Amino acid sequence: MKALIAVLVVALAAGIVVQSMRVSKLKAQNEALRQQVAELKAQADHLSNQASPPAAPVTTDEDRSELLRLRNQAAQLKQVTNELQRLRTQVQQLQAANQQVRAAPAAAPGPDTNAAATGPVPRESWAFAGYATPEATLQSAIFAMSQGDYQTFLASMSPEEAARMQKSFEGKTPEQIAEEGRRETAKASSFQILAKQELAPDRVVLNVFVAGEDRAQRIMMQKIGEEWKWAGNAGRRQQQPQQAPPAPQ
């Protein structure tokens, strides 16, 4: 697992370096465009001051071409600025994920551990995805929670985890439970699977990073029949005492 964490850290660090290079390049382009816009604005002001009368509209083809070029440069500057802001956000998310991975407790060794990182899944694209895969079940559960859909959320859980959740909801009305689910996911802007660890054919652990909340969580997924179910927090389950085997007769 240490090797997996090392690989993840290296991959995330590489991603940060690449994004930082892109940010630096865009900064340079941004500054160059700002200078061009300033020069063109100065030229436009000069043309306006020389026009007779001062308030008369631009009539020459050269002036029209100059103004069109100025508008095009301004549009490009806005586009580059937006891209720069997007890349800055991605770099911040990668840095936060890197810190979370470093701080995450090591998982018990399993028969197959592999990096299965996926791209961020933005909140706008969340939807019910069924239970055919661990990843689909994860999205279905998160989407149900964000919508306050208590019944679908429980249906995404394993029987043991569903019973535990129902016990924690005792004394609360369905409306209170729904509001609690929406509140717990209100800050989340996206989620991303950083790694997937296969413990057995019917059990995997997903290392999930939630942007907006800037936290990582290790979630146990269990296959029951033909469907995968959310079986709770992997760290909590590993800390639970195991039942002793029956004594021999």
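Worth a mention:
- By the count of other C-beta atoms within 10 Å, a proxy for reagent exposure, Asp63, Asp149, Asp202 are ordered fewest to most as Asp202, Asp63, Asp149.
- The Cβ shell under 13 Å around Ala129 holds other residues with a net charge of -2, Lys and Arg each +1, Asp and Glu each -1.
- When the pairs Lys167/Lys229; Lys196/Lys229; Lys27/Lys187 are compared against a 26 Å limit on Cα-Cα distance, Lys27/Lys187 fall above it.
- Summing Lys and Arg as +1 and Asp and Glu as -1 over all other residues whose Cβ lies under 13 Å from the Cβ of Ser189 gives a net charge of +1.
Bear in mind that the values in this text are calculations on the coordinates, not laboratory data. Being a predicted model, the structure only gives us computed values, none of them experimental. Every residue, glycine as well, gets a Cβ built from its backbone with ideal geometry; the counts of neighbours run over all protein chains shown.
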